[in-house]
Amino acid sequence: MADQSPIDTPTDRAIELEDVLKEYVSHGEVVQAVKGVTLDIAEGEFFSLLGPSGCGKTTTMRMIAGFEEPSKGVIRLHGRDVTDVPPNKRDVNMVFQSYALFPHMSVWDNVAFGLKQKKTSREEIKRRVGEMLEIVDLTGREKRRPREMSGGQQQRVALARALVNRPRALLLDEPLGALDLKLRQAMQLELKRIQREVGITFVYVTHDQNEALTMSDRIAVMKDGLIEQLAGPREIYERPATTFVAGFIGTSNLLTGTATGGVLKVGEGRVLVPGKEGEVSVTVRPEKITLAKQEPSGDVSALPGTVSEVVYLGTYNSYAVRLADGDEITVFEQNAHDATVTAERGDSVWLSWQAQHSYVMGS
Amino acid sequence: MRGVRGRFGDRLLHAYTWLIILWLVAPIAVMIAFGFNDKQSKSNATWQGFTLKWYGELFAIPDLSDALVNSLLIAVASTIVTVVIGTMLGLALGRHRFRGQGTTNFLVFAAISTPELVMGASLLSLFVSANVPRNQITITIAHVLFSLAFVTVTVRARVVSLDPSLEEAAKDLGAGPWATFRQVTLPSIMPGVLAGAMLAFALSIDDYVVTSFVNGSELTFPLWIIASVKTGIPPQVNVMGTLIFGVGVLIAIVNAVAARRRT
């Protein structure tokens, strides 16, 4: 299966976290930021930690970098236990959310900083910094100060400053958060290209599900200090493990009820849940649902409702359809042919989708 | 309507601004002018013609010259000590959370708000009861004491506004604690450190009150001037004052130009 862990042998493991836990004392109370995380990140993988703010993703990354010490658990980099190793002695580099470029140094000196600390020879520094600036497309800007550059350029300096050290893994803490949408999308592809070019393991922290889906080989969705689901982007989107994941990644509709004989009755409608009995929650993605004026025939899930909102969104229309029990279902319809809509506000419609698009959680 | 009232308001603001500037500059202008006064009588209070001779005879009064040298030495020494200790204090208070932080913050504030008279008197009784002879060293200690808080506050303000991930980035790139401090932290807080140093120097060079308690038999520049008020202040004092003021202005200009180049 494509979504399976790419780890075959232990030597492929770039980063291992074993039951890592982080506690803080805040106002006399013990707060657990990370409540026992276990994961393996493979060599050369683009791995994302995704979740809302306060879910522990940044703390997890800072423990990998060495800025925070785990209260419990072990962190290994390429098989070596680094749990007590300070950040300056770890073979990983980080790109900070604020970029943290040294304001009193030129672009060149910023990028050369790490190599100078390692007492690299002058010629080698010259060669490697030059090469790296070429990769991030900043040749000719060596003498600039960080504040004289745009956000996107600063971002690339930060990337070059970390990558020039040829770390075993690169850690990125919401690096695109400060950029506007267009630039962010361009940088996503750019990051992916650079990662392929240098072949280094990337660990990427973000709260932006689109970013994670676009770039990652695998994603760990975190909530309240725990991993909710760890899988490839496709699996996370198509088969969310929990209702939280379903709600956090993309838009999804949740239907709950009691199934009998593989069918969940919702008012006059039905949702097919083959082989399921008893209490179930069903999620279905808005783009899997077909909207029609007539009751659909055949072996599909079908629900009647009333259109309560139609929003034109350019590439697609978004409908809100209210069911008899008051629940609202979101439906996306591609604008494939013309700009007309299938239904208007107030119309009675039928929603239908194939059985395989119901993703059932629970018994 | 707005135009008429606005024009009148603008003129009023102009006039007010110039009055304030005049008020601030007038004493300095008088000081500078009387450094060029060709005075014949003992007092240097009435204008008697222009001369440059006091600039030529700047060091003609040995006691005054000694006092000025004393003041400069004490100012330099106390500034160096204050900047080193004050920077460390400012860094600790701005960057870290530690036991006794609240007390330290309070002491820093107390040092600023204590009247100089009280500080001078208590320092004198301390030195006397500890049997410490009063000389340049006790003056320097006193000056460090009252300027330390100002340096601390200036550096702390700079440290607080500093992105903490700068230091983390340095460590992440392989710099140890000392390399991080020398190559990243110190250059980043340098404007605060320099501002603190200038403050410390300025506070030291013209201090009278505290110094007058702990000077023993040593005379500093301000002490000498006050002592000579009765007999008439010689124009050399105006000249020295002018030169010190000139250096201050020069530093301010250099700083402004550097700041403009930074942004």
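Read-outs throughout are calculated quantities, based only on the coordinates presented, and are distinct from any laboratory measurement. Keep in mind it's a predicted model, so treat the numbers as computed, not measured. Cβ: placed from backbone, ideal geometry, glycine included. Neighbour counts: every protein chain shown.
Observations, loosely collected:
- Evaluating kT/(6 pi eta Rh) at 37 °C and 0.692 mPa s, with the Kirkwood radius of the range B:166-224 over Cα pairs in the Stokes-Einstein relation, gives 228 µm² s⁻¹.
- Mean projected area (nm²) of the alpha-carbon convex hull when the range B:129-203 is viewed from all directions: 6.7 nm²
- Förster radius 41 Å - calculated FRET efficiency between residue A:166 and residue A:335, Cβ distance, rounded to 0.05: 0.30
- Anchor residue A:119: lysines whose Cα lies under 20 Å away (excluding residues fewer than 8 positions away in-chain): A:89, B:171
- Radius ratio Rg over Rh of the range B:1-84, counting only Cα atoms, Kirkwood formula for Rh: 1.26
- DSSP beta bridges confined to the protein assembly as shown are antiparallel in about 80 percent of cases.
- Between the range B:165-237 and the range B:22-60, the Cα center-to-center distance that results, in Å: 29 Å
- Residue B:42 paired with residue B:21, simple spin-label distance in nm, labels 7 Å along Cα-to-beta-carbon: 4.1 nm
- Between 0 and 90°, nearest 10: helix A:151-163 axis offset from chain A longest Cα axis: 60 degrees
- Remark: relative contact order (chain A) = 15 percent; criterion is Cα-Cα distance under 8 angstrom and separation of 6 or more residues.
- Cα-based reach from residue B:39 at 22 Å (exclusive), listing lysines while leaving out same-chain residues under 8 positions away: B:53, B:230
- Kirkwood Rh, angstrom, the range B:52-203 [1 / mean 1/r, Cα pairs]: 17.6 Å
- Rg(Cα)/(2.2 N^0.38 Å) for the protein assembly as shown, N = residue count: 1.42
- Sequence-separation-based contact order of the range A:10-81, relative, with Cα cut under 8 Å and 6+ spacing, percent: 45 percent
- Beyond 14 Å, the tail of the calculated P(r) for the range A:53-94 holds 42 percent of the Cα pairs.
- Between residue A:347 and residue A:23, the simple spin-label model (points 7 angstrom out along Cα→Cβ) gives 5.9 nm.
- Between residue A:137 and residue A:74, the contour length at 0.36 nm per residue exceeds the Cα-Cα span by 18.9 nm.
- Once the gyration tensor of the Cα atoms in chain B is diagonalised, the equivalent ellipsoid follows with semi-axes of 38, 30, 19 Å, ordered largest first.
- Considering only the Cα atoms of the range A:177-334, their convex hull presents on average a projected area of 12.2 nm².
- Alpha-carbon Rg with Dmax, taken over the range A:117-182, Å: 12.9, 40
- The residue A:312 and residue A:258 beta-carbon pair, evaluated with R₀ = 35 Å, returns a calculated FRET efficiency of approximately 0.40.
- All-pairs Cα distance distribution in the range A:253-362, expressed in whole percent, bin size 10 Å: 15, 48, 29, 7, 0
- D_trans [Stokes-Einstein, Kirkwood Rh over alpha-carbon pairs] for the range A:38-112, 10 °C, 1.306 mPa s, µm² s⁻¹: 111 µm²/s
- If you take the Cα centroid of the range A:87-156 and the Cα centroid of the range A:11-48, the two points sit 28 Å apart.
- Set of lysines near residue A:293 by C-alpha distance (under 28 Å), chain-local residues within fewer than 8 positions excluded: A:265
- Our summary of shape: the Cα atoms of the range A:107-241 have principal axis extents of 52, 30, 26 Å, ordered from largest down, in whole angstrom.
- Chain A: Cα Rg divided by the 2.2 N^0.38 Å rule of thumb: 1.18
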